[in-house]
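What follows is a single structure, written as structure tokens, with notes after it.
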Amino acid sequence: MKKIILSRNFQLLISSMLICFHMLSYVACKSEIGNCSKPEYLDKQAGLTQVDSIVCVANENSVFTTLFPISHKNNNISFFDFSTYKILKFKENRESNIFQIKHVLDVKNDFQMHPGFLPRLFGVINTKSNKYVLLSEPYSILTDKNLNFNEKIVSNVNTNKQLFHRIGNITHVFNDTISNNIYFPVSPDLPENHIDFYNIGRILKVNLETNTSTLLQLGLPDDYKPNTKYGLFSIPLLVVLNDNLYYIFPGSNYLYQYNLRTNNLHCILIRPKYAKIGTKEIGNDPNDIFFSLFECDIFYRMIVVNDKILLLYWKGKRQESAKPRATFKDLNCFMILYCPKKNEVLFDSYLDVKGVNKNPVYVKNDILYFQKLDELNMNEIKTTFLRYRISIED
């Protein structure tokens, strides 16, 4: 399988667009529906209500461009900055609702001696024992709260001499702090037309206590066709809720429920009201590999909110020959709230937020945090997060 090597800047562009979210000729986006259980659609009126906002401000010694949250406890927030490889710890000034940098940990300085580790570093997470996991490949690194090295963590796996590579970015990782497991998508090192490529495992579970990895035998969805080059469409979105792993592929209508205790697999049919979810075969041009996502109607994020699953999707825009290709900010986005306990879709509504990236950075206490756009100027570097709560009318 040919590998396209992208520059660090282009990788950062793809990662940031997919966080704040990540055809050589026109091919229609295809969608197929098979047999799956169907939830009850309640069609409630719902929307997002802004609660307030918080502002994180840089100082003369530490600047940042691409923040992703690690932890948020009381009036302290920790972020990882992808541009500087630094962990920035902010503390709130309660009088002004502004978070200021109080402490900095330099991952680049402490771990540059590990060959190839930093270029593949794609995020940092916090464990339930207040340690850091520096996510990279072929291994990750577990550290204490001061970035002192603890041990290497297996982050890829060989099964029957078959190597699997991590795919996706930090938004595709689910950190289950209850069981101390992390889950992230992987892809087999096989060509797309290989007989095993379609059905072979796609999700890796890493136990941080035992430092062991388990490949979950979960293949591509039933509405994807074998021997098709799906590219970024083959990166599943996933969450863990009540001992069940829920996952869905961007161009699929099938939400899968995989019981982590019994290994039983159940399928739920999710059919959005405002889009026809589908995919297209990918060409070899790097622009096609990335921008093809924006030409199809797809799911782009899955989040747990109050024991329910929030699915975000967008309505893609087909490329027009005389116009630039669409990007995330050009698309209309929508949200579906699914209740697994009752097998109900509570609502399917327009994602009505303005002036922010429509891919929420994180959720805390059932509040969604969206990053405000255009925060960089000559006098001050800051990032503003607008906080929204889901409002449902009975």
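The values are calculated or read from the model by the stated rules, or taken from the named source; none is laboratory data. Quick caveat, the model's predicted, so the values are computed rather than measured. In this analysis, Cβ positions are derived from the backbone assuming ideal geometry, glycine residues included, and neighbour counts consider all displayed protein chains.
Odds and ends about this structure:
- Among the numbered conditions (1) closer than 17 Å to TYR256 by Cα; (2) among the aliphatic types (A, V, I, L, M); (3) assigned to a loop (DSSP other than H, G, I, E, B); (4) modelled with pLDDT of 90 or more, the only one that LEU147 does not meet is (1).
- Considering residues of segment 317-356 that are more than 23 Å from ILE270 (Cβ to Cβ) and of a type in the set (S, T, N, Q) only, the residue farthest from the chain's Cα centre (by Cα): SER321
Okay, residues lined up against (1) more than 28 Å from GLU60 (Cα to Cα); (2) of a type in the set (Phe, Trp, Tyr); (3) modelled with pLDDT of 90 or more:
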{"residue": "MET113", "(1), (2), (3)": "no, no, no"}
{"residue": "ILE125", "(1), (2), (3)": "no, no, yes"}
{"residue": "LYS128", "(1), (2), (3)": "yes, no, no"}
{"residue": "SER136", "(1), (2), (3)": "yes, no, yes"}
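- Looking across segment 254-292, the residues that are farther than 20 Å from TYR224 by Cβ and either part of a strand (DSSP E or B) or among the hydroxyl-bearing types (Ser, Thr, Tyr) (or both) come down to ASN259, THR262, TYR274.
- Unique residue being surrounded by fewer than 16 Cβ atoms within 10 Å (Cβ to Cβ) and under 15 Å from VAL239 (Cβ atoms) when the list is ASP394, ASP352, ASP330, ASP307: ASP307
- Complete set of residues in segment 231-253 that are out of contact with any helix residue (DSSP H, G or I) (no Cβ under 8 Å at 6 or more places or on another chain) and either outside any loop (DSSP other than H, G, I, E, B) or closer than 15 Å to ASN343 by Cβ (or both): SER234, VAL239, VAL240, LEU241, ASN242, ASN244, LEU245, TYR246, TYR247, ILE248
- Number of the exception - PHE347 against (1) at pLDDT below 90; (2) part of a strand (DSSP E or B): (1)
- Only strands (runs of 3 or more DSSP E) whose full extent lies in segment 41-122 are considered here, and the ones with at least 2 residues that are aromatic (Phe, Trp, Tyr) are 76-81.
- A single member of HIS114, HIS72, HIS103 is within 24 Å of ASN150 (Cβ to Cβ), crowded, with 17+ Cβ neighbours inside 10 Å and out of contact with any Phe, Trp or Tyr (no Cβ under 6 Å at 6 or more places or on another chain), and it is HIS72.
- Any chance ILE336 is at pLDDT 95 or above and either assigned to a loop (DSSP other than H, G, I, E, B) or in contact with an Asp or Glu (Cβ under 8 Å, 6 or more places away or on another chain) (or both): yes
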